[in-house]
């Protein structure tokens with residue numbers, strides 16, 4: 001009986017694994033097609049390679065010389081492994097799309113902008129009234145190691161987070177490769193059509209703003 005239970009458990013886990021590998025691959029095909037459509041007019045997809053069963057890279061060749069060694073890293077939920085999937089669900093992790101590239105001129109600064117949201121927890125049986133919800137937007141909070149940073153930095157961060165209605169989670173610039181990176185949750189691309197159609201325009205605008213910064 002113990003051997004039978006072991007064989008049954010292995011069969012169930014194997015069936016789960018291969019099924020959700022299939023699900024992730026089908027989802028990846030749709031995401032790659034979306035990336036091809038979104039970057040039309042800006043560049044073309046050069047190749048796609050899988051890093052793991054739930055993470056793959058899409059290398060993009062841009063027609064302009066603004067981005068070099070550009071790639072999109074897509075991280076899906078690890079559905080293929082039941083324990084990892086359960087942990088990611090408990091942590092409320094999101095599927096993300098991260099764009100990374102080098103710039104013509106490496107930035108003379110390191111900058112990381114994070115977009116946080118806090119939501120008051122409501123009782124389980126309470127249905128919030130959309131008309132009574134209140135959104136409070138706070139000003140940027142700057143943590144810096146420099147004593148001579150410019151005050152215009154706050155305006156620059158506002159522009160990063162509000163660019164083209166794209167719900168960026170993080171935007172960063174750094175001296176070493178990759179010089180520029182930006183992350184956006186995958187679900188926001190399905191919800192916000194403007195972000196889906198203008199994502200690469202927003203990325204080019206962010207890179208342009210950073211190239212003119214002097215701080």
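Would you pick out the residues in region 28-43 that are touching a residue at least 24 places away in the same chain (Cβ under 8 Å) and not in a helix (DSSP H, G or I)?
Once the filter is applied, which keeps residues that are touching a residue at least 24 places away in the same chain (Cβ under 8 Å) and not in a helix (DSSP H, G or I), region 28-43 yields 39, 42, 43.
Out of the residues in region 95-113 that are touching a helix residue (DSSP H, G or I) at 6+ places or on another chain (Cβ under 9 Å) and part of a strand (DSSP E or B), which is farthest from residue 66 (Cα to Cα)?
That would be 96.
Name the residue that is farthest from residue 85 (Cα to Cα), counting only residues in region 54-66 that are surrounded by 13 or more Cβ atoms within 10 Å (Cβ to Cβ) and modelled with pLDDT under 90.
Start the filter on region 54-66 by keeping residues that are surrounded by 13 or more Cβ atoms within 10 Å (Cβ to Cβ), which leaves 54-62, 66.
Next cut, modelled with pLDDT under 90 only: 62, 66.
Details: 62: 35, 66: 38 Å.
Within region 54-66, the match that is farthest from residue 85 (Cα to Cα) is 66.
Anything in region 1-43 that is surrounded by 15 or more Cβ atoms within 10 Å (Cβ to Cβ) and over 32 Å from the mean Cα position of the chain (by Cα)? List them, or say none.
First, pick out the residues of region 1-43 that are surrounded by 15 or more Cβ atoms within 10 Å (Cβ to Cβ): 16-17, 20, 24, 27-28, 31-32, 34-35, 38-39, 42-43.
Result: no residue meets the conditions.
Please give the number of the condition residue 79 fails out of (1) closer than 30 Å to residue 105 by Cβ; (2) surrounded by 13 or more Cβ atoms within 10 Å (Cβ to Cβ); (3) over 17 Å from the mean Cα position of the chain (by Cα).
(1)
Select from region 65-84 the residues that are touching a helix residue (DSSP H, G or I) at 6+ places or on another chain (Cβ under 8 Å) and more than 15 Å from residue 184 (Cα to Cα) and list them in ascending order.
First, pick out the residues of region 65-84 that are touching a helix residue (DSSP H, G or I) at 6+ places or on another chain (Cβ under 8 Å): 66-67, 72, 74, 76-82.
Matches in region 65-84: 66, 67, 78, 79, 80, 81, 82.
Among 137, 151, 92, 120, which is assigned to a loop (DSSP other than H, G, I, E, B) and modelled with pLDDT of 70 or more?
The conditions single out 92.
The values are calculated or read from the model by the stated rules, or taken from the named source; none is laboratory data. Treat the numbers as computed from the prediction; the structure is a model and nothing was measured. Note that each Cβ is placed from the backbone with ideal geometry, even for glycine, and that neighbours are counted across all protein chains shown.
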